[in-house]
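In what follows, a structure is listed as C-alpha cells, so that the remarks can point back to it.
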Amino acid sequence: MIVRKNMGRASPLVLVTLVLGFCFATYNLVTMIMHSRAISKWVEDDANGGIFFDPVIKMPENVRKPKNARLPFHVAVTATDATYSQWQCRIMYYWYKKKKDLPGSDMGGFTRILHSGSPDNFMDEIPTIVVDPLPEGLDRGYIVLNRPWAFVQWLEKATIEEDYILMAEPDHIFINPLPNLASGGFPAAFPFFYIKPADYGKVLRKFFPEEMGPVTNIDPIGNSPVIIKKDLLKKIAPTWMNVSLKMKDDPETDEAFGWVLEMYAYAVGSALHGVQHILRKDFMLQPPWDFEIGKKFIIHYTYGCDYNMKGELMYGEIGEWRFDKRSFLRGPPPRNLSLPPPGVPESVVTLVKMVNEATANIPNWEA
C-alpha cells in the first residue's frame, strides 16, 4: 500500500489566474455552441493473477467513514445513440438493477447521459437525460471529447438527490454490490497501468504549472470509474472539459496521449483543484488480463478476448473462440453466445455468462 502525501498547492495568484483562464475558455465554448445552434502493458504477474500492477492508495485513516454508514451514489453513464453504445447500456442497466438493492450496495439512482442531442428508442427502458454534443467538428472525430461537456450540462440541469456520483461507462458490468468507496473530499478511482504522468512531464507542464507541484501529483486515472462528491465534480467538470479541448488542440499532446487524452485531461483537471483520489485496484477488473473475479466490483470489457480451443490466449489474433465488443458495432450480440473453451480464465467465462443472462431477459433484445 502506498499513501501519497504533500499534494502541491498553488499560490492564490496562480489559482485566480487558472480559474479566470478556464472560465474564459468555458465562456468561449458556450458562446461557440450557442452560435452553432443559431446557425443550424505489460509487466510481471501480480499477486491477484493479473498481468500488470497498479499502485493502490489507502483511504487516510482520519477520513474513514463509519462501518454502518450508507452514503448512496448516483450512477451516471455517458452514451451516444449509436447501436454499439445502446446495447452496452442495456446490459449495464440490467445488471445495475440486479445488484442495486443487495446487501453491501450503496448504489442510488441511475442516469444515462445521452449526448446525441435528441432522444432515442430506449428512453422508456433506461432513465435518460438528453444533452447536446459539442459543435460539429470540435471533437475532431474523438467522440469521447463529448464526455466532459455532457457532465457539465447534466450537473447544471439535473436534480440529483445523492451527494455522490459514480462516473461509469457503457461497457461496465456490476459483478458484486458496489459500496461507496469514496470519502468526503477523497474520491475513489481505478488506477490504469497505462496512465503514466511521470513519463510525460514536458507535455503535462503545458497544463499543470510548476506552482502546482510535481507531475506525480497527477493521479494515474481516468474519469471512470470514479466515485466522487457531487459538489466536487461540479467544480472539476468545467476544468476537465477545457483541459480536454486544449489538449486536443495541441498537436504534441494529441499525438502523445492519443485515445487516452480525455483520461489524462480528467486526471490533470482534478489535480489542478488539489484533489487526491483513493486508488482502488479492486474497483474493476479487465478481461482477459485479470483472471479472477474475487471481491472486485465491475467488469470492464474493453479488450477483445481471443482464445484457441485449448484455452490459450491469442491476443492480437482472431481466436478460434472470441468475444470482442467491437464485433457488434452495427447490431447487438445475439442471445446465447457460446461459452469459452476449458482453461479460459474465470473472468472471461463470467463475462460471457453475464452477457447471456442479460440478453435472455431484456425484452425485444434483437429489435
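Annotation: Asp219 fulfils all but one of (1) of a type in the set (D, E, K, R); (2) surrounded by 21 or more Cβ atoms within 10 Å (Cβ to Cβ); (3) more than 21 Å from Ile236 (Cβ to Cβ); the unmet one is (3).
It is to be established whether one or more residues within segment 193-208 are among the hydroxyl-bearing types (Ser, Thr, Tyr) and assigned to a loop (DSSP other than H, G, I, E, B).
yes
Among all positions in segment 241-255, there is no residue which is open to solvent by 10 Å² or more (accessible area, probe 1.4 Å), within 30 Å of Tyr307 (Cα to Cα) and in a helix (DSSP H, G or I). Phe297 fulfils the conditions (1) in the same structural domain as Phe192 (by the TED database); (2) within 20 Å of His172 (Cα to Cα); (3) of a type in the set (A, V, I, L, M, F, W, C) except for a single criterion, (1).
Here's the yes/no breakdown for (1) more than 29 Å from Ser347 (Cβ to Cβ); (2) of a type in the set (Lys, Arg):
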residue	(1), (2)
Asn217	yes, no
Asp231	yes, no
Met241	yes, no
Glu252	yes, no
Glu255	yes, no
Tyr266	no, no
His277	no, no
Lys281	no, yes
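The set of residues in segment 135-189 that are at pLDDT below 95 and of a type in the set (Ser, Thr, Tyr) comprises Tyr142, Ser183. Screening the candidates Pro340, Pro333 for the property of being in contact with a strand residue (DSSP E or B) (Cβ under 6 Å, 6 or more places away or on another chain), outside any helix (DSSP H, G or I), over 19 Å from Phe208 (Cβ atoms) and open to solvent by less than 40 Å² (accessible area, probe 1.4 Å) yields one hit, Pro340.
Do we find a residue being among the hydroxyl-bearing types (Ser, Thr, Tyr) and over 14 Å from Leu351 (Cβ atoms) anywhere in segment 310-322? First the steps, then the outcome.
Quick first cut of segment 310-322, residues among the hydroxyl-bearing types (Ser, Thr, Tyr) only: 315.
Restricting the remaining residues to those that are over 14 Å from Leu351 (Cβ atoms) gives 315.
For segment 310-322, residues among the hydroxyl-bearing types (Ser, Thr, Tyr) and over 14 Å from Leu351 (Cβ atoms): present.
Screening Pro148 against (1) farther than 24 Å from Ile278 by Cβ; (2) touching a Phe, Trp or Tyr at 6+ places or on another chain (Cβ under 6 Å) leaves a single unmet condition, (1). Selection of first residues in segment 125-141 that are open to solvent by less than 30 Å² (accessible area, probe 1.4 Å) and of second residues that are among the hydrophobic types (A, V, I, L, M, F, W, C) and modelled with pLDDT under 90, restricted to Cβ pairs under 9 Å at least 6 apart or on distinct chains, gives the following pairs, ordered by first then second residue: Leu134/Leu29; Leu134/Met32; Leu134/Ile33; Pro135/Leu29; Pro135/Met32; Pro135/Ile33.
Among residues of segment 317-336 that are closer than 19 Å to Met354 by Cα and among the hydrophobic types (A, V, I, L, M, F, W, C), those with a Cβ under 8 angstrom from a residue that is open to solvent by 100 Å² or more (accessible area, probe 1.4 Å) and part of a loop (DSSP other than H, G, I, E, B), sequence gap 6+ or separate chain, pair up as Trp321/Met309.
What's the total number of residues in segment 297-316 that are open to solvent by 20 Å² or more (accessible area, probe 1.4 Å) and modelled with pLDDT of 95 or more? Steps first, answer last, please.
Residues of segment 297-316 open to solvent by 20 Å² or more (accessible area, probe 1.4 Å): 297, 302-303, 308-310, 312-316.
Imposing the further condition that a residue be modelled with pLDDT of 95 or more reduces the set to 297, 302-303, 308-310, 312-314.
Count: 9.
Condition first: modelled with pLDDT of 95 or more and closer than 24 Å to Gly294 by Cβ. Can you find one or more residues in segment 52-64 that meet it? No, because not a single residue in segment 52-64 is modelled with pLDDT of 95 or more and closer than 24 Å to Gly294 by Cβ. Of all residues in segment 142-157, those satisfying the criterion of being outside any loop (DSSP other than H, G, I, E, B), open to solvent by 10 Å² or more (accessible area, probe 1.4 Å) and of a type outside the set (A, V, I, L, M) are Arg147, Trp149, Gln153, Glu156, Lys157.
If you filter segment 82-120 down to residues that are in a loop (DSSP other than H, G, I, E, B) and touching an Asp or Glu at 6+ places or on another chain (Cβ under 8 Å), you find that the one that is nearest to Glu169 (Cα to Cα) is His115.
When you look at Ile228, is it surrounded by 23 or more Cβ atoms within 10 Å (Cβ to Cβ) and not in a helix (DSSP H, G or I), yes or no?
Values: surrounded by 23 or more Cβ atoms within 10 Å (Cβ to Cβ): yes; not in a helix (DSSP H, G or I): yes.
Criteria met by Ile228.
The values are calculated or read from the model by the stated rules, or taken from the named source; none is laboratory data. Fair warning: this is a prediction, and the values are worked out from it, not measured in the lab. Neighbour counts run over all protein chains shown; Cβ positions are idealised from the backbone, glycine included. Side chains included, ligands, DNA and RNA excluded: accessible areas come from the protein's heavy atoms. Shrake-Rupley method; radii C 1.70, N 1.55, O 1.52, S 1.80 Å.
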